[in-house]
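Here is the structure we will look at, set down as structure tokens.
The values are calculated or read from the model by the stated rules, or taken from the named source; none is laboratory data. Keep in mind it's a predicted model, so treat the numbers as computed, not measured. Methodologically, a virtual Cβ is constructed for each residue, glycine included, from the backbone with ideal geometry; neighbour enumeration extends over all protein chains shown. All accessible areas refer to the heavy atoms of the entire protein, side chains included, with ligands and DNA or RNA removed. Shrake-Rupley method; radii C 1.70, N 1.55, O 1.52, S 1.80 Å.
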Amino acid sequence: MLKQVLRRLKHLFLDFNIFLLTCVGYVPIHQFRKLYYRLSGVAIGKQTSFHWRTRFYRPSGLNVGSNTIIGNDAMLDARNGITIGNNVSLSMGVWIWTMQHDPQDPHYGAEGAPVVIKDYAWVSCRVVILPGVTIGEGAVVAAGAVVTKDVPDYAIVGGVPAKVIGERTKDLKYTLNFHKAFQ
């Protein structure tokens, strides 16, 4: 009985923190959001920015490198872990899932795996990345794609499901460092 009560209190606390993280996403002060995200367990590298309204599942499973930009309205489900490298650009509305229901399970069971996004990757707007996917170094995911399989280094992919449509230069030298003070 006591274990059940403690388990329920733990879940209530975690659910309340998710609610607070959602509310903090609307605060128009970048440094405040980053501070609260760090206090909630997100590992954030130097000069990384989170734009408005980022949503989380299990923030302590999220590890973001340096000089990375997380665009407006991102959904980051880190229940099985998300690792995002350095100089990565996640554009507006990117959804990353590490858990999903198994459509073949008669009990609607869940399955999942971590997601990895390597250095210099660019994930354009309204992209969905499903569990277990690795986005290679320097890879580009075109707007609106649904990524169901690993993306090779420096590949450009697009479509539903995402397929290779081109190749990106390997001579990448930029450093991302952008945020608006009141966004």
Could you please state how large a percent of the accessible area of the chain is carbon and sulfur, counting protein chains only and using a 1.4 Å probe?
60 percent
For the range 114-126, in order, what is each residue's ³J(HN,Hα) by Karplus, 6.51 cos²θ - 1.76 cosθ + 1.60 with θ = phi - 60°, in whole Hz (x at glycine and Pro)?
x, 10, 10, 10, 7, 3, 6, 6, 10, 10, 6, 5, 6
Run a plain Debye calculation on the range 1-132 (Cα atoms as equal point scatterers, no solvent) and give log10 I(q)/I(0) at q = 0.14, 0.16, 0.17 Å⁻¹, rounded to two decimals, same order as the q list.
-0.64, -0.80, -0.89
Between residue 148 and residue 60, take the C-beta separation as r, use R0 = 30 Å, and let me know the FRET efficiency to the nearest 0.05.
0.70
Mind checking which of 103, 161, 131 has the largest fluctuation in a GNM of the chain, springs on alpha carbons under 10 Å?
103
Surrounding net charge for residue 13, when Lys and Arg each add one and Asp and Glu each subtract one, Cβ distance under 15 Å
+3
Between residue 182 and residue 38, what length comes free when the chain is fully extended (0.36 nm per residue of separation minus the Cα-Cα distance, one decimal in nm)?
50.0 nm
Förster radius 35 Å - calculated FRET efficiency between residue 6 and residue 27 (Cβ-Cβ, nearest 0.05):
0.65
Mind giving me the FRET efficiency for residue 19 and residue 172? R0 is 35 Å, r the Cβ-Cβ distance, nearest 0.05 is fine.
0.35
Probe 1.4 Å, heavy atoms of protein chains only: per residue, the accessible area of the chain in Å² is 54 Å²
Around residue 80: net Lys/Arg minus Asp/Glu count, Cβ-Cβ under 11 Å:
0
Under a Cβ-Cβ cut-off of 14 Å, what is the net charge of the residues other than residue 168 that fall near it, where Lys and Arg count +1 and Asp and Glu count -1?
-2
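Going through the range 57-163, which chymotrypsin sites (Phe, Trp or Tyr not before Pro) have at most 11 other Cβ atoms within 10 Å and a DSSP loop state?
Listed in order of number, the matching sites are 108.
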